[in-house]
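Data block below; observations after.
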Amino acid sequence: MAVVADAGSLYGLLAVGAGLATGLAGIGAGVGEQGIGAAVVGVVAEEPGFLGKGLFLMLLPETLIIFGLAVSLILMFAWTPFSGIVTP
Amino acid sequence: MHLLHIVNYNGSEPSFELGKPIGKAREYSENLIKLRSITRYLNLKNKAPDKTFPESQILSEMDNLLNNVGADITATYERITAIDAEIKSKRDQIKSLTPLAVLPLPLEAYYGYDSLATFVGTVATPVDADVARVSPVNEIYSGSAKNATFVAVFVPVEKASEVSSVLSEHGFSEISVPRLEGSVDSAIATLEGSIKSLEGEKAPLQKKLAEMKKQYEDLMLATDEYLSMQTAKTEAPLRFAETANAFVIDGYVPSDDFPRLKSELESAADGKLDVQLLSEGETEALVEKGEDIPSKIDNPSIVRPYELITRLFAVPEYKEFDPSLLIFIFFPIMYGMILGDVGYGVMVFLVVYMLKRKFRTPGWQQLTSIVLIAAVWAVIFGFFFGEIFGPLGLWGRIMGHLPEAQIELLKEQGLYFGEGVFGSLGRLGPLGIFPMDRLATNAVLLLIGTSIFIGILHCSIGSILGIKTELNYGEKKHAYFDKLPVMLLQIFFGLLVLGLVMGQMMMVIVSAIVVVGAIVMMVMGPEGPMGLAHVPFYVSNLISYLRLLAIGLASVGLAFAANQLAFYVIMPMLSGGATNSEEFTMVAIIVGILILVSVHFINLLLGILSPFMHPLRLHYVEMFTKFYSAHGGGVEYSPFGHVRRFLKA
């Protein structure tokens, strides 16, 4: 099979993709948590008993980062779509 | 007796009225309010008792405490507040006087005129010409200091409004002049002198207050306890239903304690009362009606700290399962799996143990007990992952390296987890067990699998409890078409992925059939096709368990970076390119250790917080949603009575 690109630069692109996946997911989760966090702090200041439920709500968007991270891990460790085209 | 959870009577029955307080309720509550205001002046906090008092002593000392000591404390506190206010007003005066020093006028020249209007303040541009234009009769003094110009303008009263508008064009902002006499400097000196003397008066008063706090702290808390107890006792009838000749107390008691309650009540009232128990059927009816039946949270003492986590979310309802036991099993393991470092584990253990010794309030005790057990698990996982303050450096020195031949042998058997992104570290664990390196590719893949597996186990237990809870409430449809398919979906989705990874087509096909079946069941369930909208949520629940691996990797990564930086960058660089640790210079070693300590300290702080928060979330979001408090939380059983802390029984 023809050599499309060398292994090193493809691996580099994979790494960039993995970084983007985690990083952008982190930004998304942060934006989501921002509003919730502010609201939760307000509620807890009024009614300390809501701390548990507030934490629950605040941590909901955290899953987004984990999705990004899962994609990163797959890219870095488990997914080798170029193994056929790349000849080391 | 501390047995009966009294339900407040809401006055809904026409023939029963609310009861009235008995005895000296009014006196007790008045005294309590008095005492509370004194304790607030002293800034008293609730604390563990140093000594206890008999009730007779409280009674004999209460009058003195509330009136004489209390009046003394109140007077002292009020004097301190007054001094503070006076000091503040004098400081303000000094602040407004200081700029006036640039004007050549004594202070009494600024006020006391009938026919003259006075303007004192700062301006942006010179005002003399414009003021002279609107008011030919005028007197203007100006001076500048600290890049601002100060003016004092005196004009006849009838020209005041015109001059004022002219001044505002020049950016005039007024300064209020305190009504004092003499030159500005001497006035400031006088004010400063009196501030000093006021502060001199304040210091001994504060010391006196602190001494009184020390002397009366325990007695006051004991009196507070006594008065609260008496108030609760005398005001209890407010919660009863009453007729002219009798009263009814409505409440809950644990079934096992009912005979004791009955016999004690009957002997106390000489048989003049009737204790009745609701039948099973009536209880069921109450549950149906959504009546808040209190639940008594009762766990073995080792599980008890974890009730804190349960309570933080919601108190279990009467027919719900109390998840504290499950938290006790899973939470520390999850914490350990995330932190997984011998060094950090020991550090966390020591720090938290010190906190446990220092803070003796029940909340702190529970929290620290939770973290202590979790820290032990962190140490255990630390041996498993081969980490002492990160995966590099100390492990090899303490535990020894693995011989080359043995690494080859392990590689052949596919058991070698030491070779990763950063190359072989070749380490040997205790008992010859070879620890895995979390940063290695194989280990990451293995841990992904383990995390998802823990997730499936965790969620399935949640689902089983969910089925049980729904059956308890008699909701068969919810149990079998809402909770059961979720469990099947999660288990077989996991198996499906596993089958794909292992290349077992049979497993994939069977799992796929079950997953489709589960989805069909969900559609048949109470929510209908809308239930499908939840499917991605349940799958994402499982993926969420990847955080067990991910947070751990982040912490290992930071620790690894710290070690790498210190041992392989900074130390060789500062010792002139030496690579052998014996050639490092003294400076290099000191700088390296400083870097190690600071980065590991930051990592340790994160290492206490995030391994705690994330398992907490896994419980709250992923597990509790499957079975817990679907109806909005219950009421905790709190029997009428008082725990004596400062009072002798």
What single numbered condition from (1) of a type in the set (D, E, K, R); (2) farther than 30 Å from B:Arg644 by Cβ; (3) out of contact with any Gly (no Cβ under 8 Å at 6 or more places or on another chain) fails to hold for B:Glu55?
-> (2)
Quick one: which helices (runs of 4 or more DSSP H) sit completely within chain A and have at least 3 residues that are away from chain B (no Cβ under 13 Å), surrounded by 13 or more Cβ atoms within 10 Å (Cβ to Cβ) and modelled with pLDDT of 80 or more?
-> A:7-46
For region B:545-566, state whether one or more residues are of a type outside the set (Phe, Trp, Tyr), part of a loop (DSSP other than H, G, I, E, B) and in contact (Cβ under 8 Å) with a residue 24 or more places away in the chain.
-> yes
From the option list B:Gln206, B:Gln230, single residue qualifying as surrounded by 18 or more Cβ atoms within 10 Å (Cβ to Cβ) and either in contact (Cβ under 8 Å) with a residue 24 or more places away in the chain or farther than 22 Å from B:Ala71 by Cβ (or both) is B:Gln230
Residue count, region B:535-546, condition more than 7 Å from every other protein chain (Cβ to nearest Cβ) and of a type in the set (A, V, I, L, M), comes to 3
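Out of all the residues in region B:274-284, is one or more touching a residue at least 60 places away in the same chain (Cβ under 8 Å) and not in a loop (DSSP other than H, G, I, E, B)?
No, that holds for no residue.
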Does any residue of region B:263-280 turn out to be closer than 29 Å to B:Phe624 by Cα and loosely packed, with under 12 Cβ neighbours inside 10 Å?
-> yes
Checked against (1) among the charged types (D, E, K, R); (2) modelled with pLDDT of 85 or more; (3) not in a helix (DSSP H, G or I), B:Lys356 satisfies every condition except (3)
Restricting region B:471-491 to residues that are in a helix (DSSP H, G or I) and more than 20 Å from B:Leu532 (Cβ to Cβ), the residue that is farthest from the chain's Cα centre (by Cα) = B:Lys476
Look at B:Val348 and say whether it is within 19 Å of the chain's Cα centre (by Cα), surrounded by 19 or more Cβ atoms within 10 Å (Cβ to Cβ) and in contact (Cβ under 8 Å) with a residue 40 or more places away in the chain.
-> yes
Kindly provide the set of residues from region B:544-586 that are at pLDDT 85 or above and hydroxyl-bearing (Ser, Thr, Tyr), ordered by number.
-> B:Ser544, B:Tyr545
May I ask you to list the residues in region B:351-378 that are within 17 Å of B:Ile309 (Cβ to Cβ), of a type in the set (Gly, Ala, Ser) and crowded, with 17+ Cβ neighbours inside 10 Å?
-> B:Ser369, B:Ala374, B:Ala375
Which residue, of B:Phe313, B:Phe422, B:Phe381, is crowded, with 18+ Cβ neighbours inside 10 Å and modelled with pLDDT under 80?
-> B:Phe313
Looking at B:Lys477, is it modelled with pLDDT of 85 or more, surrounded by fewer than 22 Cβ atoms within 10 Å (Cβ to Cβ) and among the basic types (Lys, Arg)?
-> no
Only one of B:Leu549, B:Leu565 is within 14 Å of chain A (Cβ to nearest Cβ) and within 37 Å of the chain's Cα centre (by Cα), namely B:Leu549
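Give B:Ile513, B:Ile570 a once-over and let me know the one that is away from every other protein chain (no Cβ under 14 Å), among the β-branched types (Val, Ile, Thr) and exposed (fewer than 15 other Cβ atoms within 10 Å of the Cβ).
It is B:Ile513.
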Residue list for region B:293-326, restricted to those being in contact with an Asp or Glu (Cβ under 7 Å, 6 or more places away or on another chain), away from chain A (no Cβ under 14 Å) and in a loop (DSSP other than H, G, I, E, B) | B:Ile297, B:Asn299
With the first residue restricted to region B:101-127 and required to be acidic (Asp, Glu), and the second required to be exposed (fewer than 14 other Cβ atoms within 10 Å of the Cβ), Cβ contacts under 9 Å at 6 or more apart or on different chains are B:Glu108/B:Arg179; B:Glu108/B:Glu181; B:Glu108/B:Gly182; B:Asp114/B:Val157
Region B:47-78: number of residues that are under 22 Å from B:Lys358 (Cα atoms) and touching an Asp or Glu at 6+ places or on another chain (Cβ under 9 Å) = 5
Unmet requirement for B:Lys51, which otherwise passes all of (1) crowded, with 18+ Cβ neighbours inside 10 Å; (2) assigned to a loop (DSSP other than H, G, I, E, B) = (1)
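Here's the yes/no breakdown for (1) at pLDDT 85 or above; (2) within 14 Å of chain A (Cβ to nearest Cβ); (3) within 38 Å of the chain's Cα centre (by Cα):
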position	(1), (2), (3)
B:Leu439	no, yes, yes
B:Thr450	yes, yes, yes
B:Phe493	yes, no, yes
B:Leu496	yes, no, no
B:Val523	no, no, no
B:Glu527	no, no, yes
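The values are calculated or read from the model by the stated rules, or taken from the named source; none is laboratory data. Bear in mind that the values here come from a model prediction, so they are computed numbers and not experimental data. When we count neighbours, we look across all protein chains shown, and the Cβ atoms used for this are built from the backbone with ideal geometry, even at glycine.
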